[in-house]
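Have a look at the structure below before the remarks.
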Amino acid sequence: MIRFTKLHGNGNDFILIDEYDGEVMIDKADFAATYCDRRFGIGADGVLFLLKSDCADIGMRLFQPDRSEAEMCGNGIRCLVRYAIDEGYLTGAGTSTIETLAGVLTVDLDGEWIKVNMGTPAFGGIKHLAGYEVYSTNTGVPHAVIFVDNPDIPISEIAPGIRYAPVFPEGANVNFVKIENDHEITIRTYERGVEAETLSCGTGAVASAYVARRRGLTGDRVVVRTAGGDLRISFAADGVAFMAGGAVRVFEGAVEI
């Protein structure tokens with residue numbers, strides 16, 4: 001029997017497997033493909049594995065429904081931290097460090113929210129794809145950012161052509177962004193690996209806020225509206241991005257492998 005915990009960050013939901021005391025799941029990719037299914041499995045956008053780390057307080061791995069392993073996930077790391085605080089792996093006081101494939105990230109509690117140092121986004125230039133001006137950036141994972149006047153468009157039809165475009169050799173999450181004012185944006189994100197729109201994407205929120213700020217459309221503090229709730233994105237003077245949002249523990253369970 002494999003025990004798991006279900007959590008979500010703004011509706012971006014995850015199965016978490018605790019491997020702090022040793023490996024539980026050998027074929028992590030196959031487990032994700034099987035149990036992320038919302039009809040024949042537990043249902044989730046991905047599977048988080050909490051590990052010990054030699055260079056940070058804890059480690060994180062994330063496998064997605066298509067069996068791929070993601071470098072990082074903004075909503076996922078908050079869920080991991082929420083669980084780690086609940087279980088006593090992290091104290092919840094001061095700064096904690098999390099090892100990911102995108103590097104070691106630092107997190108702090110910001111009231112009830114978890115604030116993550118997302119590092120400095122990398123700008124990859126402007127592409128013209130599927131009739132859109134596409135801004136390429138990396139916030140731990142590759143993103144395409146597209147500004148639209150009305151986000152109520154069929155992104156499940158539009159996004160795959162951009163997600164799989166040759167200019168993104170590793171694929172990209174695709175974000176459709178509406179500027180509401182100089183401190184608020186609304187986004188919808190089609191996620192690589194999930195191959196569908198998700199209710200929220202933390203790295204996508206950072207990518208969208210970063211490009212909006214770079215274009216002079218917003219300032220150093222931006223509220224990002226997603227279908228699953230709000231995220232607060234801020235930028236330090238040196239360009240480092242911070243993401244703050246909630247994470248909710250939903251239920252516990254076990255599956256027989």
Filter segment 56-98 for residues that are within 12 Å of the chain's Cα centre (by Cα) and either among the acidic types (D, E) or part of a helix (DSSP H, G or I) (or both) and give the result.
E71, G74, N75, G76, I77, R78, C79, L80
Of all residues in segment 136-174, which are more than 17 Å from Y210 (Cβ to Cβ), in a loop (DSSP other than H, G, I, E, B) and not hydrophobic (A, V, I, L, M, F, W, C)?
D149, N150, P151, D152, P154, Y164, P166, P169, E170, G171
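Filter segment 110-135 for residues that are hydrophobic (A, V, I, L, M, F, W, C) and either free of Cβ contacts under 8 Å to residues at least 12 places away in the same chain or in a strand (DSSP E or B) (or both) and give the result.
Start the filter on segment 110-135 by keeping residues that are hydrophobic (A, V, I, L, M, F, W, C), which leaves 113-114, 116, 118, 122-123, 126, 129-130, 134.
Within segment 110-135, W113, I114, V116, M118, A122, F123, I126, L129, V134 meet the criteria.
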Residues located in segment 173-194, provided they are acidic (D, E) and either touching a His at 6+ places or on another chain (Cβ under 7 Å) or touching a residue at least 60 places away in the same chain (Cβ under 8 Å) (or both)
E191
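Out of G204, G219, G228, which single residue is of a type outside the set (K, R), outside the structural domain of A29 (by TED's automatic domain parsing) and closer than 15 Å to M72 by Cβ? Working first, answer last.
Details: G219 fails: closer than 15 Å to M72 by Cβ; G228 fails: closer than 15 Å to M72 by Cβ.
Going through G204, G219, G228 in turn, just one is of a type outside the set (K, R), outside the structural domain of A29 (by TED's automatic domain parsing) and closer than 15 Å to M72 by Cβ: G204.
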Testing L16 on (1) more than 19 Å from the chain's Cα centre (by Cα); (2) aliphatic (A, V, I, L, M); (3) surrounded by 19 or more Cβ atoms within 10 Å (Cβ to Cβ), one condition comes back false. Which one is that?
(1)
Any idea which of (1) part of a loop (DSSP other than H, G, I, E, B); (2) surrounded by fewer than 24 Cβ atoms within 10 Å (Cβ to Cβ); (3) out of contact with any Pro (no Cβ under 9 Å at 6 or more places or on another chain) is the one G239 doesn't satisfy?
(3)
Has segment 218-229 got any residue that is under 23 Å from F14 (Cβ atoms), of a type in the set (V, I, T) and surrounded by fewer than 24 Cβ atoms within 10 Å (Cβ to Cβ)?
no
With the checklist (1) in contact (Cβ under 8 Å) with a residue 24 or more places away in the chain; (2) closer than 22 Å to D45 by Cα in hand, flag the one item D149 doesn't pass.
(2)
Among the residues that make up segment 195-216, is at least one of them within 17 Å of W113 (Cβ to Cβ), over 14 Å from the mean Cα position of the chain (by Cα), without any contact (Cβ under 8 Å) to a residue 40 or more places away in the chain and surrounded by fewer than 17 Cβ atoms within 10 Å (Cβ to Cβ)?
no
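Would you mention how many residues in segment 1-24 are touching a residue at least 60 places away in the same chain (Cβ under 8 Å) and part of a loop (DSSP other than H, G, I, E, B)?
Looking only at that region, the number is 4.
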Is it true that some residue in segment 229-250 is of a type in the set (D, E), under 30 Å from T34 (Cβ atoms) and out of contact with any Phe, Trp or Tyr (no Cβ under 7 Å at 6 or more places or on another chain)?
no
Those residues of segment 25-55 which are out of contact with any Phe, Trp or Tyr (no Cβ under 7 Å at 6 or more places or on another chain) and assigned to a loop (DSSP other than H, G, I, E, B), in sequence order
I26, D27, C36, D37, R38, R39, F40, G43, S53, D54, C55
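The values are calculated or read from the model by the stated rules, or taken from the named source; none is laboratory data. These figures come from a predicted structure and were not determined experimentally. Note that we place each Cβ from the backbone using ideal geometry, even for glycine, and neighbour counts take in every protein chain shown.
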